[in-house]
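Taking it in order: structure first as structure tokens, then the write-up.
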Amino acid sequence: MPAKKKFPPLVKEAPQSRAPVRGRGASWSPANRFEKLHVDLTDMDSVDAEEERPRRLTQFFRDGTKSIITRNSSPDVGFETSLNPYRGCEHGCIYCYARPTHEYLGFSAGLDFESKIMVKTNAPELLHAELESPRWQPQTLVMSGVTDPYQPIERKLRITRGCIEVLARFRNPVAIITKNRLVARDIDLLRELAKFNAVAVNLSVTSLDPNLQRVLEPRTSSPHARLDAIKQLRSAGIPTGVMVAPVIPGLTDHEVPKILDACAKAGAQFAGYTIVRLPWAVAPLFEHWLEEHFPDRKEKVLGRIRDLRGNRLNSSQWHTRMSGEGIFAEQIASLFKVGCHRAGIRERPKLSCESFRRSTTQLRFFA
């Protein structure tokens, strides 16, 4: 196998911020690793660093994608196909492993990722065409892999809902992961899929502390709202679980048992977890965020992460990148296992493709 091409930063860049940005996870935009030219906004010869910056507003751009189903061959994620109605995510979770995917678009993994959102307005139509194709082998689709399908703009655009309408029509199984209570809006469609054992919803809960959540995941639903969403989904008979993800050692790891207990009491039936991952530009973004919000814990948190990652802030090694290695990884795994046992949380259900149908099936039958 040829060695992976490395993209070292053009300059050793200092963060372009002096204070957190209200309502945002990141407070600066590090250089895109594919850029041939980068202007360091802290360079006094290039810009006036004292000039007050306006509030960063969110911009939305039409994504002209020709296909909607993404495939992967990773042995770690547990699924092969996924569906992303958006690219970028206004939730702004500072630790998000998907931030570097914005660099493929010429944007930054920092503020750009959470303020320049690509919108796939034709996602439902594309999904219908792909499921209708005889080349599609029915299997579970995951929403989403690199964005939250229920980020704030979904309330207005309803693209995710349109995709779920298509999935319900075909009875194709779907597993949803979100940090937003907006998922409860689509209970009517999810209930239809549940009749055929074709849906599972995972609410991602990183912390029960609303003060931490507001700076860690600034535009997500509050912990209380996520617990309420779990309760609503379970009351409607929809299989619902919790993703304790990501676990951040030295910052949120002590909350794992409490999160599992609270979610189980709200109705969560199954659970999973991952350890924080800091690929590419996410590492300096996360380091700077710690300096801004938790300077007293910075070295402890980074030290624990290095212990989990072979003395590095990130490791992309198969089979361990989600769970880490070493004594702290073992402690977190033990906390999770014991927490699930005490809370009565069971294994994740296996979804069924047996009821899948195409709109052309009836026509072929009578041909």
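The values are calculated or read from the model by the stated rules, or taken from the named source; none is laboratory data. Bear in mind that the values here come from a model prediction, so they are computed numbers and not experimental data. FYI the Cβ positions are ideal-geometry reconstructions off the backbone, even for glycines, and counts take in every protein chain you see. These area figures cover heavy atoms from the full protein model, side chains too; ligands, DNA and RNA do not enter into them. Shrake-Rupley method; radii C 1.70, N 1.55, O 1.52, S 1.80 Å.
Scanning the range 148-200 for residues that are in contact with a Ser or Thr (Cβ under 7 Å, 6 or more places away or on another chain), of a type in the set (D, E, K, R) and either open to solvent by 10 Å² or more (accessible area, probe 1.4 Å) or modelled with pLDDT under 95 (or both) turns up D148, R171, K179, R181.
Is there any pair linking a residue in the range 165-182 that is more than 14 Å from A129 (Cα to Cα) to one that is among the acidic types (D, E) and open to solvent by 10 Å² or more (accessible area, probe 1.4 Å), with Cβ under 9 Å and at least six apart or on different chains, and which? From the range 165-182, the pairs are A168/E192; R171/E192; R171/E354; I177/D148; T178/D148; K179/D148; N180/D148; R181/D228.
Go through the range 156-200 residue by residue and tally those that are closer than 21 Å to V146 by Cβ, of a type in the set (V, I, T) and part of a helix (DSSP H, G or I). Total satisfying the criteria: 5. Checking the stated criteria, A283 turns out to be among the small types (G, A, S), within 18 Å of the chain's Cα centre (by Cα) and either over 30 Å from R171 (Cβ atoms) or assigned to a loop (DSSP other than H, G, I, E, B) (or both). Going through the range 201-218 one residue at a time, which ones are touching a Ser or Thr at 6+ places or on another chain (Cβ under 9 Å) and either assigned to a loop (DSSP other than H, G, I, E, B) or among the polar types (S, T, N, Q) (or both)? Hits for the range 201-218 are N202, S204, T206, S207, D209, Q213, E217.
The set of residues in the range 109-131 that are in a loop (DSSP other than H, G, I, E, B) and either charged (D, E, K, R) or over 16 Å from L278 (Cβ atoms) (or both) comprises K120, T121, N122. Tell me, please, whether a residue that is in contact with a strand residue (DSSP E or B) (Cβ under 9 Å, 6 or more places away or on another chain), surrounded by 16 or more Cβ atoms within 10 Å (Cβ to Cβ) and within 26 Å of R214 (Cβ to Cβ) can be found in the range 297-305. Scanning the range 297-305 turns up at least one residue that is in contact with a strand residue (DSSP E or B) (Cβ under 9 Å, 6 or more places away or on another chain), surrounded by 16 or more Cβ atoms within 10 Å (Cβ to Cβ) and within 26 Å of R214 (Cβ to Cβ).
Search the range 238-265 for residues that are of a type in the set (D, E, K, R) and pair each with any residue that is assigned to a loop (DSSP other than H, G, I, E, B) when their beta-carbon atoms are under 8 Å apart and the residues are at least 6 apart or on different chains. Pairs that qualify, where the first residue is of a type in the set (D, E, K, R) and the partner is assigned to a loop (DSSP other than H, G, I, E, B), are E255/S207; E255/L208; E255/D209; K258/L208. Quick check on the range 352-359. Is at least one of its residues modelled with pLDDT under 95 and open to solvent by 60 Å² or more (accessible area, probe 1.4 Å)? Scanning the range 352-359 turns up at least one residue that is modelled with pLDDT under 95 and open to solvent by 60 Å² or more (accessible area, probe 1.4 Å).
Restricting the range 218-237 to residues that are buried (at least 24 other Cβ atoms within 10 Å of the Cβ) and not hydroxyl-bearing (S, T, Y), the residue that is farthest from Y97 (Cα to Cα) is L233. Can you name the residue in the range 315-335 that is within 20 Å of the chain's Cα centre (by Cα) and within 19 Å of V244 (Cα to Cα) and, of all such residues, is most open to solvent (accessible area, probe 1.4 Å)? Per the stated criteria, the residue is H319. The number of residues in the range 233-257 that are assigned to a helix (DSSP H, G or I) and in contact with a strand residue (DSSP E or B) (Cβ under 9 Å, 6 or more places away or on another chain) comes to 5.
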